[in-house]
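One structure is given below, encoded as structure tokens.
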């Protein structure tokens, strides 16, 4: 009988300890900003995008506001009669949870424009993990077509992702009822493990030679559509390099990054294109560019401000040309 009581007591202590660890982990993860994750919904053509009408706080209290059309923006888009600037891209454009809505370059561009010209609204359609086919399909089949300016930021790897499904990204469509922060962390860890085991084969980033022609075709399709759009609105394409390809290193990874980026330059810097083009590489090599990067590709706070200055000047240049004409 005594042994049974000891066993029951040991089991009870074990479950109390497990529950303590679970609740403690949930509390700590919520404290650092997990648990209020951005939610996504699926789409047949461009596969997934941010659910409209979200107001979240993430890492260090950084706010993520998603407006009425699923854009990361402080203002709603529908029934907004201001001049609109729509930003497309992947996670570089989206900004991430470490960047506040007020700090992303899309918002800063409007802030700077409205300081002098007024009446501009900026919407950020950047989505984590997007490839060029996701972006192109959203331009064609999405429900946003009334922008005065379309600004697209591309990284070298975009075309080699092509069309990404929601299952290839660590995203949620609904907030878990119980322990959301812990579940978000576990899901992210499992995704990272899967990513390493598959060696990125779900984005084909490790097979440049095999997929080069496919990537080139995707970029040409996007380029052709941008030229069509440029007859109706102002289109600006920003080419954004990885930090490693700017560094003075010489390894296989840098070689692959340069191959990808050179493909972007071949397609989008063609002088026959009708849209406006900015190659950030030309700007960054003249700067102490380390401070502009959060990691190898994403922008720091200074980087977002730096890019917003470049886009702001480009838009001002276009506005002046239009007025002159």
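The values are calculated or read from the model by the stated rules, or taken from the named source; none is laboratory data. What you see is a predicted model, and the numbers here were worked out from it, not measured in a lab. Neighbour counts are summed over all protein chains in view; Cβ atoms, including those assigned to glycine, are modelled from backbone coordinates with ideal geometry.
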Problem set entry | the range 167-199: number of residues that are crowded, with 17+ Cβ neighbours inside 10 Å and either out of contact with any helix residue (DSSP H, G or I) (no Cβ under 8 Å at 6 or more places or on another chain) or part of a helix (DSSP H, G or I) (or both) | 8
Exercise. When residue 73 is evaluated against the numbered criteria (1) over 22 Å from residue 130 (Cα atoms); (2) surrounded by 19 or more Cβ atoms within 10 Å (Cβ to Cβ), which criterion, by number, is the only one it fails?
Worked result: (1)
Problem set entry | Residue satisfying condition, being more than 19 Å from the chain's Cα centre (by Cα), touching a residue at least 40 places away in the same chain (Cβ under 8 Å) and over 15 Å from residue 157 (Cα atoms), within set 291, 233 | 233
Exercise. If you go through the range 28-52, how many residues are surrounded by fewer than 12 Cβ atoms within 10 Å (Cβ to Cβ) and either farther than 18 Å from residue 186 by Cβ or in contact with a helix residue (DSSP H, G or I) (Cβ under 8 Å, 6 or more places away or on another chain) (or both)?
Worked result: 1
Problem set entry | Criterion (farther than 23 Å from residue 91 by Cα and either at pLDDT below 95 or in contact with a strand residue (DSSP E or B) (Cβ under 6 Å, 6 or more places away or on another chain) (or both)) met by exactly one of 217, 255, 210 | 210
For this session: Output the number of the condition that residue 94 fails; it satisfies all remaining conditions of (1) surrounded by fewer than 18 Cβ atoms within 10 Å (Cβ to Cβ); (2) within 30 Å of residue 267 (Cβ to Cβ); (3) free of Cβ contacts under 8 Å to residues at least 40 places away in the same chain.
Result: (1)
Problem set entry | Hey, residue 89 within 13 Å of the chain's Cα centre (by Cα) and surrounded by fewer than 23 Cβ atoms within 10 Å (Cβ to Cβ) or not | no
Problem set entry | Qualifying residue in the range 98-115 (condition: under 20 Å from residue 227 (Cα atoms) and touching a strand residue (DSSP E or B) at 6+ places or on another chain (Cβ under 9 Å)) | no
Seminar exercise, completed: The condition from (1) surrounded by fewer than 18 Cβ atoms within 10 Å (Cβ to Cβ); (2) modelled with pLDDT of 95 or more; (3) under 21 Å from residue 149 (Cβ atoms) that residue 81 misses is numbered (2)
Exercise. Would you pick out the residues in the range 236-265 that are within 19 Å of the chain's Cα centre (by Cα) and in contact (Cβ under 8 Å) with a residue 60 or more places away in the chain?
Worked result: 236, 237, 238, 239, 240, 241, 242, 257, 260, 261, 264
For this session: Might you let me know whether the range 120-136 holds any residue that is without any contact (Cβ under 8 Å) to a residue 40 or more places away in the chain, surrounded by 24 or more Cβ atoms within 10 Å (Cβ to Cβ) and not in a loop (DSSP other than H, G, I, E, B)?
Result: no
Exercise. Scanning the range 157-166 for residues that are within 14 Å of the chain's Cα centre (by Cα) and in a loop (DSSP other than H, G, I, E, B), which turns out farthest from residue 135 (Cα to Cα)?
Worked result: 157
